[in-house]
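Notes to accompany the following structure.
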Amino acid sequence: EPEVTQTPSHQVTQMGQEVILRCVPISNHLYFYWYRQILGQKVEFLVSFYNNEISEKSEIFDDQFSVERPDGSNFTLKIRSTKLEDSAMYFCASNKRLDYRGTGELFFGEGSRLTVL
Amino acid sequence: KNQVEQSPQSLIILEGKNCTLQCNYTVSPFSNLRWYKQDTGRGPVSLTIMTFSENTKSNGRYTATLDADTKQSSLHITASQLSDSASYICVVSAATSGTYKYIFGTGTRLKVLA
C-alpha cells in the first residue's frame, strides 16, 4: 500500500540551528500539507501546498518556516532558526485530489520528532 | 471561529465493551467530517469520512454518525480490543476559496484494559 514517508524520524538540534524535515508524498498525489503536534496537544495546521506554491498557511507558519518541492518527489519543511517551542512532532500529509465534496483521502506520514535544546 | 470539540478527553474501558466518543463542531462552510485513529507517536490513520448528506458510516467495528443540523458526530466502537487503545481525532473540513481546510479536534484518548 502506498504511504507517505518522512525523514528523519527524530532529530535533536540546538536552539538557533536550521532544520530540514523531509517528506516523500504518495506519488500521484497533488496536495501536500505540513502539520505539527506538540506533545499532549492537538494537531495544528502549518501549511498547504499545491501546484508548486503555498495555497494556505497558518499563523504558526511565520518567516522562519519555508516549504519546498525541489524535485518531483520530495516535499521539505525548513525551520531557519529553531526555538525551544518548535519542539514537536511534524507530520506531512498528502491527498490525491479534492473532489467537489472535498472527500479526498488524506494520508499522513509517521512524523518527524523534533527536539530543540 | 472554526472549532472542533471532543469529549470525553480520555476514557478507560474493559476489553470487549462498547464505547462512544463525541465530536461537536462549529465549522463553516462545512464540507465533510473525518475520524482518525492515532497510535502514540504515530501518524493519524483515517477511519471514516462523511459528507453533509451521510448520517452513518461503518468501518468494521467502528461506526460514525453525523447530525449536520446539530453539528454533532459520534464514533461508536463495538467489542473493543486492546489494539483500540489510541487517540481518536475528529477532523472537520471547511471549503474555502476552492480549497479545503482541515480543523482538528483535541482528540479522545482511549485506553482498553484486559
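The values are calculated or read from the model by the stated rules, or taken from the named source; none is laboratory data. Computed from a predicted structure; not experimentally measured. Don't worry about glycine lacking a Cβ; one is built from the backbone with ideal geometry, like all the others, and counts go over all protein chains shown.
Is one or more of the residues making up segment A:8-21 within 12 Å of chain B (Cβ to nearest Cβ), surrounded by fewer than 19 Cβ atoms within 10 Å (Cβ to Cβ) and either free of Cβ contacts under 8 Å to residues at least 40 places away in the same chain or more than 17 Å from A:GLU110 (Cβ to Cβ) (or both)? For segment A:8-21, residues within 12 Å of chain B (Cβ to nearest Cβ), surrounded by fewer than 19 Cβ atoms within 10 Å (Cβ to Cβ) and either free of Cβ contacts under 8 Å to residues at least 40 places away in the same chain or more than 17 Å from A:GLU110 (Cβ to Cβ) (or both): absent.
Do we have B:LEU110 as in contact with an Asp or Glu (Cβ under 8 Å, 6 or more places away or on another chain) and either in contact (Cβ under 8 Å) with a residue 40 or more places away in the chain or crowded, with 20+ Cβ neighbours inside 10 Å (or both) here? So B:LEU110 passes the test. Has segment B:8-25 got at least one residue that is more than 14 Å from chain A (Cβ to nearest Cβ), under 12 Å from the mean Cα position of the chain (by Cα), surrounded by fewer than 19 Cβ atoms within 10 Å (Cβ to Cβ) and not in a strand (DSSP E or B)? Yes, there is a match, as at least one residue in segment B:8-25 is more than 14 Å from chain A (Cβ to nearest Cβ), under 12 Å from the mean Cα position of the chain (by Cα), surrounded by fewer than 19 Cβ atoms within 10 Å (Cβ to Cβ) and not in a strand (DSSP E or B). The condition (being part of a strand (DSSP E or B), under 22 Å from A:ILE38 (Cβ atoms) and in contact with a strand residue (DSSP E or B) (Cβ under 7 Å, 6 or more places away or on another chain)) is satisfied by just one residue among B:LEU66, B:LEU110: B:LEU110. When B:SER58, B:SER93 are checked against the criterion of being within 13 Å of the chain's Cα centre (by Cα), under 12 Å from B:PHE30 (Cα atoms) and outside any loop (DSSP other than H, G, I, E, B), B:SER93 stands alone in meeting it.
Take B:THR48 and decide whether it is within 11 Å of chain A (Cβ to nearest Cβ), in contact with a Ser or Thr (Cβ under 9 Å, 6 or more places away or on another chain), of a type in the set (Ser, Thr, Tyr) and under 18 Å from B:VAL4 (Cβ atoms). Spelling it out, B:THR48 is indeed within 11 Å of chain A (Cβ to nearest Cβ), in contact with a Ser or Thr (Cβ under 9 Å, 6 or more places away or on another chain), of a type in the set (Ser, Thr, Tyr) and under 18 Å from B:VAL4 (Cβ atoms). When residues in segment A:36-50 are screened for being free of Cβ contacts under 8 Å to residues at least 60 places away in the same chain, in a strand (DSSP E or B) and either under 8 Å from the mean Cα position of the chain (by Cα) or more than 8 Å from chain B (Cβ to nearest Cβ) (or both), 4 of them pass. Is one or more of the residues making up segment B:38-48 closer than 19 Å to A:CYS92 by Cα, at pLDDT below 95, among the small types (Gly, Ala, Ser) and in a loop (DSSP other than H, G, I, E, B)? So far as segment B:38-48 goes, yes, one or more of its residues are closer than 19 Å to A:CYS92 by Cα, at pLDDT below 95, among the small types (Gly, Ala, Ser) and in a loop (DSSP other than H, G, I, E, B). The single condition among (1) modelled with pLDDT of 95 or more; (2) outside any strand (DSSP E or B) that A:TYR90 does not meet is (2).
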